[in-house]
Structure formats: C-alpha cells, structure tokens
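Scroll down for the structure; my scribbles are underneath it.
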Amino acid sequence: MMSMPAHPGRHTLYNGSSGTFLPVKEGNEAMATVTFDNATRQYPGNPIPSVDKLNIEIADGEFLVLVGPSGCGKSTSLRMLAGLEEVNGGRILIGDRDVTNLSPKDRDVAMVFQNYALYPHMTVADNMGFALKIAGVDKAEIRKRVEEAAKILDLTPYLDRKPKALSGGQRQRVAMGRAIVRSPQVFLMDEPLSNLDAKLRVQTRTQIASLQRRLGVTTVYVTHDQVEAMTMGDRVAVLKDGILQQCDSPRRMYDHPANVFVAGFIGSPAMNLMEVPVTDGGVDLHGHTVPVTRENLAGVGKNVTLGVRPEDLELSSDQSGIPVTVDVVEELGADAYIYGSTEQKLLEATGENAGAVPFIARVDGRRPPEKGDKIYLKPKAGHVHVFNAESGLRVGD
Amino acid sequence: MTLEITTARPESALLDLPWSTPLEEWPESYLAALPRGISRHVVRFVKLGPRVLAVKEIKDDIADREYAMLRNLRRLDVPSVEPFGVVHGRTTADGEPLDACLITRHLQFSLPYRALYSQNLRPDTAVRLMDALAVLLVRLHLEGFWWGDVSLSNTLFRRDAGAFAAYLVDAETGELHARLSDGQREHDLDIARVNIAGELMDLAAGGFLEEHADPFEVSASVIERYHTLWDALTGTERFEVGDRWRVDERIRRLNELGFDVDELSMTTDIGGTEIVITPKVVDAGHHSRRLLRLTGLDVGENQARRLLNDLDAYTAATDRQGDDEEIVAHDWLAKIYEPVTRAVPRELTGRLEPAEIFHEVLEHRWYMSERAGHDTPIEDALRDYVATVLPAKPEEKAVLGVDTEEMPVISRFD
C-alpha cells in the first residue's frame, strides 16, 4: 500500500495527529489555479473555432475533467493550456500569471503521455528521474525528488533495482513516480487510460484519482469516457463542438443536466429522452400527467423534451405512462435492465410521429417482465428533466 | 463465443495457431524467436508457412482500431508494417475469454534499433537512424497522422543504400486528421524527445551506447532535423517576379530531398512585383516512384536514387542519351542489375536485400578502382564482394529482436 504522500518540492510533510503524514503547502507557494478566459482556438481554414470562448476557473488542487465526444475540442483545450496550441482569442492564466503567450517549458505544467514504457537496463530511480535530466535539472535535485516520490509510492527499497525485479503493481507506481517527480504546478493528462483493458482501467483510474487528491496538484484530465469523468473529477466540464455545455460537480451534472446534450451524454445507461406534448399543469405521457409548474412551461411551445433516467422509472399498473415493448432483459440480481422501445407515438396529440424510440428502464430484479412483454412505465415523482424542445435548454430547476 | 478471424486475404493456416492459449504461454514450437526485452503488451513472432507474423494480444476494440489505422496508413503509402488480421472471440478451454490478437506481417530485412545498436554502430550510422526517424515523422505529419507515441521501439529500420528508411510499427495511439495543427505536431515532437532520450539512456545503461554519444543531443537532433525538413517542404518563399527560376529551383530542391510536389500555391502581391510560393501537397518517394515506373523495381528511396544514378551512368557509357528512357532502363535491368543480384549464392541471399547488395557492389567497385588506380569492371567487383565482404555480414532477413517480453505497466502515466 502507498503511505500518505506529499508533493515533493511543493509541500512539506506534516506529522498529523494520527501518526500519518499529510501534505501541507509551503507558505510561499503560488496558488496553482487555472483560468480559461474566453480562450479561443480556430485552426486556419476552419470556418468555426475548435474551441470557442472557453471560460472555466479551476481551483488550486482541483481535479477537473474535460469530457466530450470526438472532435469536441477537449484535447485542443488541454494543448492550449500546455502551450502546444496557439490561443487566437482570450487568455489563459495559471495562478495570476498570464501564460497565453509563454512557451510550454515556461508554464510549469507537465503533460502526461498516453503511453509509457519502462526501460529494462535502467534502475527504478533512473526510470523515474530521467525526464528531469532532459529538462536539465541537476543531479542532486533529481535524486531528492526521486527519493521523495519513492517514499510516497512505497518504492524506496527498490530504487536501485531494475524494473524486472518488481511486481506489476510496483511497476505501475514507478510510472506514476515519473509524473510526480516533475513537480509541476499543473498536471495535464490526455486520455492516459485509453489503451488499457476495462479491468485495468478501473483499477488505474482509482489510483490516479487518489494519488492526485493526496498530492493536491491541480490536474486537468481529458477523456471521452463519461464514466471515467464522473468517477474521477471534482468537477466535470462537458464540451461539444468547441463549446462548453456545462461545468459542474458529477452529482450536480447528473441531477441537473443543463441541456439535452449533457442529459444524454452523462449517465450509463443513458437517460431516456423523448418529445412529449404539454398539457394543462404538466406534460402528458399517454394519459399520465407529469406535473410541471405553469411558470416553467410558459413560452415553451406545444412540446417539450422530457428526460427520465432508467433508474427513475416504475412499472405502472393502469396502462398509463410510457408504453414499452421489451426486447431484452438484462438480469443483474437485485435489479434488471429492460431494453426496449416505445411502440406508441408519444406525440399522438399533435399528430406527429416520433417513431420507435429506444428505451431503457431499471426494474426490480425479482419479478422482471419478459422479452416481448408490453409494459407501461411512469417516472418517479420529482425525477424528470424537462428541456425546451427548440433550444434544448433545461426548463425549471 | 466463436472464434472470428478477419484478414485481408484468407489464410486457413491461421486456424492451426493455438488461439485458446494466452499468447504468453504459446509453445515454442510455434514461435520464430524467443522473447526478449520489454514491451507493454504480449507480442510473439510466429512462423506460418513461409511467413513470419507478429502477434500482439490487446483489447478487442484497440485491435480493431489499430488494424483499421494500419490499413489506412498503407493506403496513404506511409511506410508502416502491413496489417495481416485480427482474431476475436478467443476463449480458453475452460471458456474464459481472452483478449483479441492483432496480426501484422514481419517486415523483411527490417532491423529494430536494439539489434542495430548491439552491432557496434558507427557514430554516423546512429545519426542516419535519427534522420530516418525524422523523415518518417515528417511524412506521417504531412498525411495528417498524429502518432502519440513516437519512439525508437515503435519504429523499424531498413537499410537504404547506406542510409536507413524508417517504418512505423505501432499505431495504437495514433489519430488521423485532415491536417495537423502546429500544436499537434509539437506534441508529437515533445513525446519523441522524451521517449528517444529514454531509450538511448537505457541503451547506455545496458552498455550498448558508445560513451561519447549523448542521449539528449541525439534526441534533440531528431527534432532539429525534423524542423529543417518540414520547413524545406512546407515553407513559404518570396522573391521578385524577375526571379521566376526560383520556382523550378524550389521544386528541384524538394526532388533532391526525395519529394515530389503535387500542388504548389503561387501568388503575387498587389503591385505584382513579388511572387510568394508555398508547396501545398508534397509526396515522398520521388526517386523510388521513378525507378518503379522505369524498371518495376520497388526499393527504398536512397536505393532508388543510387540505382537511377547507375542507370544514368549506363546510358552515358553506352551513348544512348537519345534513346527512349524506358528501353534503356530495361536493358540496364537485364544486363547490369539482374546479373549482379542473381549472382549472389543462395545461402547468402538472406544477408541483405538485393537492392542493398547492388548498392554495396557499386561501393565496392569504387574502392577497388581507387586502390587499383583504374576502373574495375562490375563483374570483378561482384566476384570479390561475394567472396570477401558478403559472407562476413550477419543474416538480416528476419531479425526479430523486437522487444517481446512483456512487462505490463498498467498505467500510461508519464
């Protein structure tokens, strides 16, 4: 197990009352906040910016995850912060320092590579410290930082051994040590887990997240995987087409998605989204009225987009609610997931045909419906998300 | 699950491989080489009929992605290993699922950098390796490919008329874009700088690097060479309208670097006194394409340059400058090139590629002539080369020294 770590060079070890060592910042350290202030990147020849007026303030020590589908601008944003991508408009600050026009090496950030290899002939200490040599750090300082990192990672006894002598877990910690010794103000990680299999990915993301929290170094992490984002980030920033959709804590993001895109992107299985007619006092789900206050429905038009998470549904006994034909039942013991489709036009009232909409619901695993069954589902009270059908923006709270 | 094998061309012998066994436990009888070194994934070289295949065990979706990526790179004519297939749906005898396998063909006569460095490289050879890697990176970037893991381990080298040509081996992290931004290119260079220095430091720690070679200087030289070549290929030039010869001059320079110019943008300023030119589409392989067209020989760029020079010399010596180039080339092939490459005894054909042998025979003739003080006929040079030089060379047709002993590093954290 790892002992309680501190960030070498930036923190001193404080002997906590319970006998553990806690990282404590040295008094003269600058705050490593990161600010994207209307930061914009437009590639030559592209009609629209790849990153469009990005505004995010990242707190000192915070773990912020940039997430979004391919081409959303998340990697570009990270490269802008790293100094690898030109900023065409706006500014980027680290602490109070405007770094917009600084070269990468003057920014005190460490870009973490996607891939990582251990070198068989080099000692564990050299494997951890060699990148510092490239950066021109002197030998004594390298040794000091490597020793501090080794202490944190419980690798001290192995520093002079070769990687072959280590277990898989220890090798992994050598890899982490390589990042720690750089002792930057900000860690930048671009999909560091993308090439791992599912099991290792889960294991490693837990380790990275816990290590980051112990070190307290501001970290910006890019991933396309919303599960990774939600489990690792203090806050999550969702991007689409170069535009920030929402930046919130994972809980808030899950409970209050700001628009239809975020609603559909965050959560697995995904939220069910459907267009439904507005009625007096709410919205109509095939005879079942979901209450929505009048003031919230003012000016939304005839239809709204309604979102319900699979776990926020219950079976209806009176054939009102959302009619679903069951295609597949996935039994998970206590729960079962139903994969099906709504067979009725939910917009019947308006004469429009919404077509067959795929639908997912979580139900009690003890008595799940069977494949082919036709069931009716109602959202649990207070667990619906209403969005303006035109703008996609959230309606009400 | 059922075993599912996807290949570009059907190869039933693939079914005989022990897919229900984890790759690291495959019996030696299937293997073409014993594992050594370190890599992130389990990789094994396997004999399959006359072929040697590299098999890599990785996650299913990554295998598919890399297979598709390698196919795209081949289509773009970027030097890279040839994807052979993907095997999905593997399970052990007990029904436990196993990861997919990506299969690539072993690139004949290619040399991993560790094998090259274990043969006591001359200092200028090390420089040529770095040059080759820089050229490969430029070519990949011109095609819009961001590598994400530039390193010597992910590259194979082939001899190319005394120099080297580099081939991409691992496209796992790569992304193909319409074009790369400067930031994306810088990102790759940053990765290259650290990886190459690390790999060379590792060689130094293992005693394979000469003492005066500095890993940092060498890795920095790749970057420097990259920038020089990139600027030469893509840079904008301005000159007076009267100096129009400079357009041809630019194209000639690019040809010399081994690139063809497929598209060149030319604009004048408002007053019409200055011309600005920028190559838009450049295509590597200027000499090798020309040689292929003339003779059907498919060889490295520098080898092609060398062979074309010899063809020019042949044309002049036989006084046929006025003849159709294709016809002279055909005669040269039949009378000069083929007799030389065919004269190599069978047991020595695995030492070097035919075109490389031809290049070496030409070199050898030059040395013999210098020593003798007069021209040496190519037949004499060939006889002497085959008797004295070639037998001393190591067999390079199937050097499988790629790092193949897995050291699973779970994190990709650097």
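The values are calculated or read from the model by the stated rules, or taken from the named source; none is laboratory data. Here the structure is a predicted model, which is why all the values come from computation and not from measurement. Using ideal geometry, Cβ is built from the backbone for each residue, glycine included, and neighbour counts are taken over all protein chains shown. The area values use the complete protein model at the heavy-atom level, side chains included, leaving out ligands, DNA and RNA. Shrake-Rupley method; radii C 1.70, N 1.55, O 1.52, S 1.80 Å.
In table form, for the structure just shown:
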| read-out | value |
| --- | --- |
| Distant-in-sequence amide H partners of residue B:98 (H built 1.01 Å from N, under 5 Å) | B:90, B:91, B:92 |
| Test item: A:117-127 mean partner chain Cβ contacts at 10 Å | 6 |
| Ranked by how many other beta carbons lie within 10 Å on average, peptides A:151-161, A:256-266, B:129-139, A:287-297 from highest | B:129-139, A:256-266, A:151-161, A:287-297 |
| Dipole axis of segment A:183-339 (+1 Lys, Arg; -1 Asp, Glu on Cβ), positive-most option in A:278, A:328, A:237 | A:237 |
| Residues with amide H under 5 Å from that of residue B:48, placed H, sequence gap 5 or more | B:53 |
| Residue-averaged 222 nm ellipticity for chain B, from DSSP H runs of 4+ at -39500 (n - 2.57), nearest 500 | -12500 deg cm²/dmol |
| Hz values of 3J(HN,Hα) by residue in segment B:22-27 - Karplus curve (6.51, -1.76, 1.60), Gly and Pro given as x | x, 3, 5, 9, 4, x |
| Accessible area per residue in Å² at 1.4 Å probe, computed on segment B:255-305 | 50 Å² |
| MRE, 222 nm, helices only [DSSP H, n ≥ 4, -39500 (n - 2.57), over chain A, to nearest 500] | -6500 deg cm²/dmol |
| For B:197-207, mean number of other protein chain Cβ atoms within 10 Å | 5 |
| Chain B - percent relative contact order, Cα under 8 Å, separation 6 or more | 17 percent |
| Which of B:388, A:204 is most accessible, then next, and so on - probe 1.4 Å | B:388, A:204 |
| Debye, to nearest 20: dipole size of chain B, +1 on Lys, Arg Cβ, -1 on Asp, Glu Cβ | 660 debye |
| Within straight-line cross-link reach of residue A:139, lysines at Cα separation under 24 Å, skipping those fewer than 8 residues along the same chain | A:105, A:151, A:162 |
| Cα long-axis angle, helix A:168-180 against chain A (0 to 90 degrees, to the nearest 10) | 80 degrees |
| Residue-span extension gain [residue B:213 to residue B:77] - 0.36 nm each, minus C-alpha spacing | 45.6 nm |
| Distance between segment A:176-199 and segment A:83-141 - C-alpha centres, whole angstrom | 12 Å |
| For chain A: relative contact order, % (alpha-carbon pairs under 8 angstrom, 6 or more apart) | 15 percent |
| Segment B:180-325 shape via C-alpha gyration tensor axes, a/c threshold 1.5 | oblate |
| Helix B:301-317 vs. chain B, principal-axis angle (Cα, 0 to 90°, nearest 10) | 30 degrees |
| Global form of chain B, assessed from the alpha-carbon gyration tensor, a/c cut-off 1.5 | oblate |
| Percent carbon-and-sulfur accessible area, the protein assembly as shown, ignoring ligands, DNA and RNA, probe 1.4 Å | 49 percent |
| Electrostatic dipole magnitude of segment A:95-168 [Cβ: Lys, Arg +1; Asp, Glu -1; Cα centre; debye, to 20] | 320 debye |
| Residue B:298 paired with residue A:55, simple spin-label distance in nm, labels 7 Å along Cα-to-beta-carbon | 5.8 nm |
| Dipole moment magnitude, nearest 20 debye, chain A about Cα centre, only Lys, Arg, Asp, Glu C-beta charged | 1700 debye |
| Segment residue B:3-residue B:220, length gained on full extension (0.36 nm per residue, minus Cα span) | 73.5 nm |
| Unit charges at the beta carbon, dipole of the protein assembly as shown: most positive-side option, B:123, A:111, B:242 | A:111 |
| Distance histogram for the protein assembly as shown (every C-alpha pair counted, 20 angstrom bins, percent rounded to whole numbers) | 13, 39, 33, 13, 2, 0 |
| J(HN,Hα) series, segment B:207-212, from Karplus relation 6.51 cos²θ - 1.76 cosθ + 1.60, nearest Hz, glycine and proline x | x, 9, 10, 4, 5, 7 |
| Helix B:60-75 vs. chain B, principal-axis angle (Cα, 0 to 90°, nearest 10) | 20 degrees |
| Within 10 Å of each Cβ in B:183-195, the average number of Cβ atoms from other chains | 5 |
| Highest-first arrangement of B:324-334, A:207-217, where packing means the average Cβ count within 10 Å | A:207-217, B:324-334 |
| Table column - 3J(HN,Hα) (Hz), segment A:41-46, Karplus curve with 6.51, -1.76, 1.60, x for Gly and Pro | 10, 10, 6, x, x, 8 |
| Selected from B:385, B:107, B:206, residue furthest toward positive end of dipole (the protein assembly as shown; charges at beta carbon) | B:206 |
| Protection proxy ranking, peptides A:316-325, B:358-367, B:89-98, average beta carbon neighbours within 10 Å, highest first | B:358-367, A:316-325, B:89-98 |
| Residues with amide H under 5 Å from that of residue A:222, placed H, sequence gap 5 or more | A:66, A:189, A:190, A:191 |
| 27 Å Cα-Cα threshold exceeded, pairs from A:133/B:393; A:199/B:56; A:144/A:164 | A:133/B:393 |
| Spatially proximal aspartates and glutamates relative to residue A:302 (Cα-Cα < 16 Å; intrachain offsets below 8 disregarded) | A:275, A:280, A:284, A:348, A:352, A:390 |
